[in-house]
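Novice: Just dropping this structure here.
Rule-based calculations on the coordinates, nothing more; no lab input. Note that this is a predicted model, so its numbers are computed, not measured. Backbone-built Cβ (ideal geometry, glycine too); neighbour counts: all protein chains shown.
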Amino acid sequence: MAVQNGKDLLVKIDLTGSGNFQTVAGLRATRVSFNAESVDVTSLESAGGWRELLAGAGVKSAAISGSGIFRDAASDERVRQIFFDGEMPGFQVVIPDFGIIEGPFQVSSIEYAGNHDGEATYELSLTSAGQLTFTAI
């Protein structure tokens, strides 16, 4: 994967539930992480006393976080409503020269801040809430 602009990593949300994905407005910094729990099946008979893991087992998860400014009232309102209603709509994460991750996410936190002499900012955290798909680009 070649060097990419950070601004090219996009977080998109299905604003209406119809598969119409829109970029979450004003994100300046974004981070995506993928995790998989391991299932330890080591026993006294494990070769050389080395830990053994069960292939294909464990729970997979993804987390997305971002911070930015308010620019688009529609996406800001949608994210806020998702949080207060406890919805888990479809999101897309576009990772340049890698692929698109798509699936349901829960807004696990949203934080608002601002200085008296600056713009209002927010931080957003999403946690996967179901099966995710990957499409290479």
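Novice: For the range 28-137, which trypsin sites (Lys or Arg not before Pro) are in a loop by DSSP, counting at most 11 other Cβ atoms within 10 Å?
Specialist: Arg51
Novice: Once both axes come from the Cα atoms, what is the angle between helix 73-85 and the longest principal axis of the chain, in degrees from 0 to 90, rounded to 10?
Specialist: In the chain, helix 73-85 runs at an angle near 50 degrees to the longest axis.
Novice: Shifting gears a bit: Kindly provide the helix-only [θ] at 222 nm of the chain, computed as the sum of -39,500 (n - 2.57) over DSSP H runs of four or more divided by all residues, to the nearest 500 deg cm²/dmol?
Specialist: -3000 deg cm²/dmol
Novice: To continue, here is another question. Just in the range 42-137: which GluC sites (Glu not before Pro) are loop by DSSP and have at most 10 other Cβ atoms within 10 Å?
Specialist: Glu45
Novice: Could you grab the relative contact order for the chain? Cα pairs under 8 Å, six or more apart, rounded to a whole percent.
Specialist: After rounding, I find 25 percent.
Novice: Where the eigenvalues come from the Cα gyration tensor of the range 6-136, what are the semi-axes √(5λ) of the equivalent ellipsoid, largest first, in whole Å?
Specialist: That gives 35, 16, 14 Å for the three semi-axes.
Novice: With θ set to phi - 60° and the Karplus curve 6.51 cos²θ - 1.76 cosθ + 1.60, what are the ³J(HN,Hα) couplings of the range 117-129 in order, to the nearest whole Hz, using x for Gly and Pro?
Specialist: Karplus-based 3J(HN,Hα) across the range 117-129 equals 10, x, 7, 6, 10, 9, 10, 10, 10, 10, 10, 4, 10 Hz.
Novice: Under 10 Å, Cα contacts only: if you run a Gaussian network model on the chain, which one of Phe84, Phe21, Phe105 comes out with the highest mean-square fluctuation?
Specialist: Its mean-square fluctuation being the largest, the pick is Phe84.
Novice: Moving on. Can you give the charge dipole size of the range 6-136 about its Cα centre, rounded to the nearest 20 debye, using +1 on the beta carbon of Lys and Arg and -1 on the beta carbon of Asp and Glu?
Specialist: In debye, rounded to 20, the range 6-136 gives about 160.
Novice: Let me ask you something else. Name the most mobile residue of Gly99, Gly49, Gly66, meaning the one with the largest mean-square fluctuation, in a Gaussian network model of the chain with Cα contacts below 10 Å.
Specialist: Gly49
Novice: Suppose we look only past 15 Å in the calculated P(r) of the range 91-137. What percent of the Cα-Cα pairs does that tail hold?
Specialist: When every Cα pair of the range 91-137 is considered, 58 percent fall beyond 15 Å.
Novice: At what distance in angstrom do the alpha carbon centres of the range 63-92 and the range 120-137 lie from each other?
Specialist: 10
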